[in-house]
Amino acid sequence: MLFRSVLSLSLTEANQLNGKEYFSSLSIVDIAKAAGFETFWVTNQVLYGIWDNLVSIIAYSTDHLVTLNKNIGASLKTQRYDEDTISFVREILDAKKTNKNKLIFVHLMGSHWNYCSRFSKNFLKYNGPLGKGQFGRLAGKKDFAEWINCYDNSVFYNDHVVAGLLKLLLGREGISGFMYFSDHGEEVIELKGHDPALFTYEMVEIPLIAWFSDPYHTKYKTKISALKKNRKKPFPNDLIYDTLIGMMGIETDRYEKQYDLSNDRFSIKENALVTMHGTRKYLDLDNFNYLQIGRASCRERV
């Protein structure tokens, strides 16, 4: 998808397959609030920026908004590191219990460029020259080595932050779930970042992690079974909206079960998979990782 509006599709009923317009669609926050959830948004990204207008509207529609980043405009700078979100989420979880379920969104800065500014000195794990066996002639370029090392350190740090957020749920009573996903990837080797004008398929290959408490496993056995069944199927993140509705057990007519990863009927035909707002087919000869690894593993499970 065009990276400026990825979350606009991920968090609304609009997606690349149903053709709905995100600016006239309900958001997952609208659905959750109608179902009685108390909603929270904790962000370390710019809310008043040129890339995040609709996302900001969704954020402001939550019951509680916590903003760590006070910059505006096209800035990608932060005053605080992402791990500061952990203490705010802990406070939300530790607050006096009410009769409402809680839905918490945490919007991290993650590994956005400038990679070197995304982690504290304690996470300077990768440093120095690169190995020629991995990077060939590029290994000897100082600027390239710094770029790669900083990116790897930012991923190392992001893993720490995501783990810290997940650990807040471990051992807590009741039904709970956790999902982490990226809005886009990065073309690091070719120094293209995620500029859609320089598109490569590495820019749209992202991680998705889901965890659920033991009581959730007990109550929603069929959802857990479907998630396991579907865990390696191609999954575009503009279907997060339907998947969250399924995971939370919300009943609504603004939901499509074939787009819900936690539903046994989740199904997308391979030739229908698209990205970049439908301008790129996912089944493409340039999409080497999917053709060589992802597609092969899909065939093995058939």
Euclidean distance of C-alpha centroids, the range 240-269 and the range 152-230, integer Å: 18
Equivalent ellipsoid dimensions for the range 31-175 as semi-axes, Å, which come from the Cα gyration tensor, largest first: 35, 19, 12
Relative packing of 221-227, 36-42, which averages over residues the other C-beta atoms within 10 Å, highest first: 36-42, 221-227
Debye-sum result for the chain in log10 I(q)/I(0), which assumes one identical scatterer on each alpha carbon, at q = 0.10, 0.14, 0.15 Å⁻¹: -0.59, -1.21, -1.39
Size-normalised alpha-carbon gyration radius of the range 120-192, reference 2.2 N^0.38 Å: 1.49
Cross-link pairs beyond the 25 Å C-alpha cut-off, checked among 96/167; 100/232; 219/257; 20/281: 100/232
Two-site label geometry, residue 142 and residue 208: point separation in nm, points 7 Å out along Cα→Cβ: 4.4
Percent of Cα-Cα distances greater than 17 Å, calculated over the range 133-240: 67
Proximal charge balance of residue 173 [Cβ under 14 Å; K/R count +1, D/E count -1]: +2
Two-decimal ratio, the range 209-276, of alpha-carbon radius of gyration to 2.2 N^0.38 Å: 1.10
Simple label model, 7 Å out from Cα along Cβ direction - residue 292 to residue 120, nm: 3.8
Whole-percent carbon and sulfur share, accessible surface of the chain, 1.4 Å: 52
Inter-label distance, nm, simple model (7 Å from Cα along the C-beta direction), residue 97/residue 135: 5.2
Theoretical gain in end-to-end length, residue 179 to residue 257 [0.36 nm per residue, Cα-Cα removed]: 26.3 nm
Rg to Rh, two decimals, where the range 172-302 supplies the alpha carbon set and Rh follows Kirkwood: 1.00
Per residue, the convex hull volume that the Cα atoms of the range 166-210 enclose (Å³): 79
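The values are calculated or read from the model by the stated rules, or taken from the named source; none is laboratory data. What you are looking at is a predicted structure, and each value in this text was computed from that prediction instead of being measured. A quick note on method: Cβ atoms are made from the backbone with ideal geometry, for glycine too, and the neighbour counts reach across all protein chains shown. These accessible areas exclude ligands, DNA and RNA; they are computed on the full protein's heavy atoms, side chains included. Shrake-Rupley method; radii C 1.70, N 1.55, O 1.52, S 1.80 Å.
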